Structure formats: C-alpha cells, structure tokens
1. Being crowded, with 20+ Cβ neighbours inside 10 Å and of a type in the set (A, V, I, L, M, F, W, C) is the filter; apply it to region 101-124 and report the residue that is farthest from the chain's Cα centre (by Cα).
2. Give the residues of region 301-327 that are open to solvent by 60 Å² or more (accessible area, probe 1.4 Å), charged (D, E, K, R) and more than 19 Å from L270 (Cα to Cα), sorted by residue number.
3. Please go through region 67-83 and give me each residue that is open to solvent by 70 Å² or more (accessible area, probe 1.4 Å) and touching a residue at least 40 places away in the same chain (Cβ under 8 Å), ordered by number.
4. If only one of S256, S282, S223, S240 is open to solvent by 50 Å² or more (accessible area, probe 1.4 Å) and either touching a strand residue (DSSP E or B) at 6+ places or on another chain (Cβ under 6 Å) or at pLDDT 90 or above (or both), which one is it?
5. State yes or no: is L175 within 24 Å of G63 (Cβ to Cβ), open to solvent by 40 Å² or more (accessible area, probe 1.4 Å), part of a helix (DSSP H, G or I) and among the aliphatic types (A, V, I, L, M)?
6. Checking the conditions here, which among L53, L35 is open to solvent by less than 80 Å² (accessible area, probe 1.4 Å), out of contact with any strand residue (DSSP E or B) (no Cβ under 9 Å at 6 or more places or on another chain) and among the hydrophobic types (A, V, I, L, M, F, W, C)?
7. Quick check, is Y277 at pLDDT 90 or above, open to solvent by 70 Å² or more (accessible area, probe 1.4 Å) and either part of a helix (DSSP H, G or I) or not charged (D, E, K, R) (or both)?
8. Any residue in region 319-341 that's in a loop (DSSP other than H, G, I, E, B): show its pairings with residues that are among the basic types (K, R) and open to solvent by less than 20 Å² (accessible area, probe 1.4 Å) at Cβ separation under 8 Å, as long as the two are six or more apart or on different chains.
Amino acid sequence: MKIGVFKITMDPLLPVVVLIMSWILSERYYPALVLSHYTHVYWLMGIVSALFLTISIFIHELGHAFMARKLHLPLERIHLFLFGGMAELKHRPLKPIQELYIALAGPAASLLFAGISFLWLVSMPDMSSPVFLVGQYIMYMNLLLGLFNLLPIFPLDGGRAVRAIIWRSVQEFSLASKFTYTISLSLIGVLFFLALVTFYLFNITVTIWLGLLAIYLSYTAISGKQELIYHPELSDLIMSIGYPRNPRSIVDEVESLDTGVLSKCLIPVLNNEHLKYIIEGSEIIGNGALDDQFEDHYRIVEAGHFIDILNKNTFHSNIRFKADYIPVLQNGYFVGLSDANELRFWLLQEKQNGHRS
C-alpha cells in the first residue's frame, strides 16, 4: 500500500492485535471510567481508541519518514509491527546531524499530536463524555509514545539521538556506537536498581512496572547490540566476481547469488579489467542474449556509476549513485560489485579517521 510517496506495509496479525486491544479497552478500561453506557458504546470507544493507537504509531514513523525525505535520504518503507513500527531507510545517514534530526522527528510528531489532542480536549465542555475520554486516551498514548521513545537507550529514538551527538563530538561512528551501548546498559542497570529500591520503599506494583520496563529495555538493547558493534572490513562489503568477466558471465553470477540484486545493479563492461561501459541490470532482466547482443544497452560511464576505493571523488557525500549496486574499482581496476551507499559510508568513516591513505 502507498500513501503519497511512502510505501506502507504491516504485520498480517496487526488487525488481530487491534481487535484484542478493542476488547480490553471496551471491557476493562472504559467501563472503569464511565458508567451507565450501553455495551455498544464501550465497544465503539474501544475500537476507535485501538485504531487511533495504530494511527498514532504510524504518525510517529511518518515523522521519521518526512525528515528523511527532507534530508534527501531515500525511504524503503514504513512498516507497522504488532506493537510498534519502523521507518526503514534505504541506507544509513552519512552525517551525525542527519541521524539526530531523523531520530528526534518521530517523538516530535507524537508530542505534536498529543498537543493537538490536548487543545481539542480543553475546548470540550463535558469531561465525562465518551468523545472526551477517547480523546484523552489518544492524548496520553501519544504523550507516552513520544516520551518513551526519547529514553536514551538504543535502539529507541533517544538512543539514536545520543549516538548522533557522541558521533558528532568524537567524529568516529564506531566509537560513538560503543559509547551508546555502554550508556544504554548503564541506564538499564539504574532502572533495575530503582525497581529494587521501590520494593522496599513503595508498593509491589511500582516494582513490577519498573522491573518490566527494565526487562523490555534490556531486550531492545541486546537486540540492537549487533547494529552497534557492526564494523565490517571493506572486503566483506564487496561481492567478488570470478572469471571470465564478460557481461553475460557477470549477469549469471549476480543472478545466482541474489536474484533481487540484478534489477538494482549496474553491470560492468571491462577492457583489460578497466571499466569501459556499464549496463543497467533492469534493462536486461530475463535477457538470454549473448554478450554482443548486450551492446544496445551499453552506457557511457559517468560519476555515480562506480566507486574507486582509492579515489574519494568517486564516493564523496554529494555523489548521487545511479543504482543500489555498482562496480567497485581499486586504482582503476575492477574488484567486484557492492551496495553503493553502504560501501560509501564505511569508506568515508575510514577516510575521516585516517585508516586509509
């Protein structure tokens, strides 16, 4: 499904979760707040509230998506999970300020929605009406959604914002990621300690909620650890191509490795291992032609058609790549194919940190 320029996908079980939430709200939550309403009124309140909870999550992710689009970072999709969502970028931000703005845009959208809901509520005369109570629920959910995601624990938005700030300060992405993971674990440890303290000072309910929050955040931090510690070697990012390296053989090898790559790939045409022309993979999908019949698809090589790992002018941040997967050269010689944006990111990191001459 598409809404405007954004592709939207959702978990197939999401409608079931909405139905369960509707039942909980109509049978437990709203009857405890307001009396003397018919059952169908409670159900209507529950269904509307559950639907708006999903809409609120979508608006949160839409905040990320709009900011990414404003920063000219392509979006793969907005995906709604059972109890959350994700605005998936096609490639990671190249600069810490980009990550910071995108991270904060989601909570900002939620808090803005909560503020609009509040302004609407204060204009209503009857604070016990079903409409008011549903609006109040929507306001609280968006306020909670915005504030919860601002917790400085990765991979929540607040954790990503913390990494962006550290990244900008230390000028090293991997080091910033490690610091962020340490901060996340430290804050989770504080939450467990507070849960233990409340067990002695307050009632067991507070302890249970703090403990559950700490356990959930521990799970999110551990699940995000792989992303934080990921630091590949350049060789891991380059798909080596065997011999012979003619267009037909390269096409066959790319298709054998991943059938989905060819449509997003530029196929090199080589002359003594130097790049002479490129072929857009999307033009030859399913084409069983011999090499000489590919000639109609040959294109002159331009900036954005390739990366030379020893030449920053081929991968600086202002270069717009012409495909997702492109030929990779080393000092002019072909070495393989790679995800253009992922390779550029790590090349820029190495250049910035002086790991490569």
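1. Among them, the one singled out is A114.
2. K312, R320
3. R69, E76, F81, F83
4. Exactly one residue qualifies, and that residue is S240.
5. For L175, the condition - within 24 Å of G63 (Cβ to Cβ), open to solvent by 40 Å² or more (accessible area, probe 1.4 Å), part of a helix (DSSP H, G or I) and among the aliphatic types (A, V, I, L, M) - is not met.
6. Among L53, L35, only L53 is open to solvent by less than 80 Å² (accessible area, probe 1.4 Å), out of contact with any strand residue (DSSP E or B) (no Cβ under 9 Å at 6 or more places or on another chain) and among the hydrophobic types (A, V, I, L, M, F, W, C).
7. Taking the combined requirement at face value, the residue does not satisfy it.
8. I319/R344; F321/R344
The values are calculated or read from the model by the stated rules, or taken from the named source; none is laboratory data. Since the structure is predicted, the reported quantities are computational estimates derived from the model, not experimental observations. Every residue, glycine among them, receives a Cβ derived from its backbone with ideal geometry; neighbour counts consider all protein chains shown. Only protein heavy atoms, including side chains, enter the accessible area calculation; ligands, DNA and RNA are left aside. Shrake-Rupley method; radii C 1.70, N 1.55, O 1.52, S 1.80 Å.
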